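Asker: Here it is: the structure, laid out below.
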Amino acid sequence: MHLLPEEERVLAGEYGETRQKMMEILVALGTVFGAARLVPIRSAQVSGASYKTIGDAGLEWLSGLDARVSVPTVLNPVGMDRIAWREMGIMPAFAKKQEEVIAAYSRLGIRLECTCTPYYIFQTRYGEHLAWSESSAVSYANSVIGARTNREGGPGALAAAVIGKTPEYGLHLVGERKPQVHIRVEGDGSRDDVAWYGALGYLAGKLAGNRIPFFTGIRPRRDQLKALGAAMAASGAVALYHVAGITPEARVFSYEVGDIEQIPVTAGEVAALWNEIPIDAVALGCPHCSPDELSLLASLLAGKRVKIPVYIFAARKVIEASREAVAVIERSGARVFADTCMVVSPAMEQFGTIMVNSGKAFSYVPDMCGAAVRIGTTAECIRVATQEAVT
Ligand code: F3S
């Protein structure tokens, strides 16, 4: 990989040991993946932020770093709401370790927005290069916005954040963004909820694997695209997809679609994922809720009381900008938490069965929380939580 003279000096250690280490990570990645050079990035999002996932070894590595990030950078969700962790049932020993992890990232200059929806925090534009880690955020950036990022591991994203550049390979190159499998969605279904698109994504991710899907037969809105991409990144390894007539690069690549494998998915197959098992708790906001999703939840919960725990997750900035909706939600007894989520926090491990409206959570909850999982629309989740008859 070709390095500029300034980049060579960083690699030689002229700007300190941490920057040297970070440049070594980028050079190693670029060499393995055949990058020709480094490209400047607009922002970074760093995973490996929950003490539940990185443990003491990760904390020790982070604590030894001494540099500052050079582009706007946020963290992935951590293991607890930084303010309301006691209400989540988090143990003080875990909270202490989690705060140490957060403090280590803060010393590096990372903004303590802990979210998988950095696109609600940073203005992110078509064609910009990024170094984001969390799979649903990567999918949204690439597919819905048309920005360019590989799915970075935690150290790769942190290295890119400190250096302000990332190796130019994979999804940073236009030629690597072509569709590789055509998923033709057939039949009618209740397509007006994120859960339907999450369930479709759960199936499509298994079919696509690590290929780039091109969808026809659907017309998802923004939050539904978010749900579709998040689920495909979880059940498969999809970091970019196109939807005919909807996503920004679909038109650019539509001429490719005639030559690739075609796979039909029917609305009946999507509906077959719905089940009726009794549940202990509801968890919503995977990926973190948008302002529109918080408004919808407020309208569904207005004047009602929940009979079982309902946990809702969103970025702190989104929660602060949606104060009225959050107040209505919390009057019902449901709780809205920031900084964390149902998967990376140990809080959900106390429940045997969890209901979600997310294909990604449907995929992850059994292994990550040790709970049985049920998927339903947002309205169904609220009906079950308030124990109203489901019509
Ligand atoms: Fe986000 Fe956690 Fe889901 S990181 S996408 S809410 S598993």
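Asker: Hey, can you grab everything whose amide H is under 5 Å from the amide H of VAL39? Only 5+ residues off in sequence or another chain; H modelled, so Pro and N-termini drop out.
Answerer: THR166, GLU168
Asker: May I pose another question? In terms of the Cα gyration tensor, with a ≥ b ≥ c the square roots of its eigenvalues, is region 5-168 rounded because a/c is under 1.5, prolate because a/b exceeds b/c, or oblate?
Answerer: oblate
Asker: So, one more: Kindly provide the pair-distance distribution of region 281-387 built from C-alpha pairs, with 5 Å bins from 0 and whole-percent values in order of increasing distance.
Answerer: Histogramming region 281-387 at 5 Å steps yields 2, 14, 27, 26, 20, 9, 1 percent.
Asker: Another question, if that's okay. Would you pull out the residues with amide H under 5 Å of CYS289's amide H, same chain only if 5 or more places away, H placed 1.01 Å from N?
Answerer: PHE313, ALA314, ALA315
Asker: Pairs of Cα atoms under 8 Å, at least six residues apart: use those to get the relative contact order of the chain, whole percent.
Answerer: Normalised by residue count, the contact order of the chain is 18 percent.
Asker: Would you mind getting the accessible area per residue of region 54-159, heavy atoms of the protein chains only, 1.4 Å probe, in Å²?
Answerer: On a per-residue basis, region 54-159 sits at 37 Å².
Asker: Right, next: Just to check I understand the Karplus step: with θ = phi - 60° and J = 6.51 cos²θ - 1.76 cosθ + 1.60, what whole-Hz values come out for region 3-16, glycine and proline as x?
Answerer: Residue by residue, region 3-16 yields 10, 6, x, 5, 5, 4, 5, 4, 5, 7, x, 5, 10, x Hz.
Asker: Which far-off residues, 5 or more places away or on another chain, put their amide H under 5 Å from the one on ILE263, with H placed in the peptide plane?
Answerer: Here the answer is HIS182, ILE183, ARG184, since their amide H atoms fall under 5 Å of that of ILE263.
Asker: Provide the net charge surrounding ARG107, with neighbours chosen by a C-beta distance below 12 Å and charges set as Lys +1, Arg +1, Asp -1, Glu -1.
Answerer: Its environment carries a net charge of -1.
Asker: Give me the percent of the accessible area of the chain that comes from carbon and sulfur atoms, probe 1.4 Å, all protein chains in place.
Answerer: Carbon with sulfur: 52 percent of the solvent-accessible area.
Asker: Cut-off under 20 Å on the C-alpha distance; same-chain residues fewer than 8 positions from LYS226 excluded. Which aspartates and glutamates are left, in chain and number order?
Answerer: Output for LYS226: GLU113, GLU128, GLU134, GLU152, ASP192, ASP193, GLU249, ASP292, GLU293, ASP339, GLU380.
Asker: Let me check the size of region 178-271 from its C-alpha atoms; what are the radius of gyration and Dmax in Å?
Answerer: Using the Cα atoms of region 178-271, the pair Rg, Dmax is 11.7, 32 Å.
Asker: Ok, one more. Can you pull the Kirkwood radius for the chain, inverse mean 1/r over Cα pairs, to one decimal in Å?
Answerer: Hydrodynamic radius (Kirkwood, Cα pairs) of the chain is 21.4 Å.
Asker: Could you report region 281-387's accessible area per residue, 1.4 Å probe, as an integer in Å²?
Answerer: Heavy-atom SASA per residue in region 281-387 reads 34 Å².
Asker: Sequence gap at least 6, Cα distance under 8 Å: using those rules, report the relative contact order of region 259-315 to the nearest whole percent.
Answerer: This gives 48 percent for region 259-315.
Asker: Okay, moving on. How large is ³J(HN,Hα), in whole Hz, for each residue of region 277-285 in order, when computed from phi with the Karplus curve 6.51 cos²θ - 1.76 cosθ + 1.60 and θ = phi - 60°, using x for Gly and Pro?
Answerer: Going residue by residue, I get 5, x, 10, 9, 7, 10, 10, 10, x Hz, with x marking Gly and Pro.
Asker: Return the calculated 222 nm mean residue ellipticity for the chain, to the nearest 500 deg cm²/dmol, obtained by summing -39500 (n - 2.57) across DSSP H runs with n ≥ 4 and dividing by the residue count.
Answerer: After summing the helix terms and dividing by the residues of the chain, the value is -11500 deg cm²/dmol.
Asker: Still on this structure: Pop out the ³J(HN,Hα) list for region 134-140 in order, Karplus 6.51 cos²θ - 1.76 cosθ + 1.60 with θ = phi - 60°, rounded to Hz; leave Gly and Pro as x.
Answerer: Once rounded to whole Hz, the list reads 6, 4, 6, 5, 4, 4, 5.
The values are calculated or read from the model by the stated rules, or taken from the named source; none is laboratory data. Only a predicted model underlies this, so the values are computations on that prediction, with no experimental measurement involved. Note that we place each Cβ from the backbone using ideal geometry, even for glycine, and neighbour counts take in every protein chain shown. Side chains included, ligands, DNA and RNA excluded: accessible areas come from the protein's heavy atoms. Shrake-Rupley method; radii C 1.70, N 1.55, O 1.52, S 1.80 Å.
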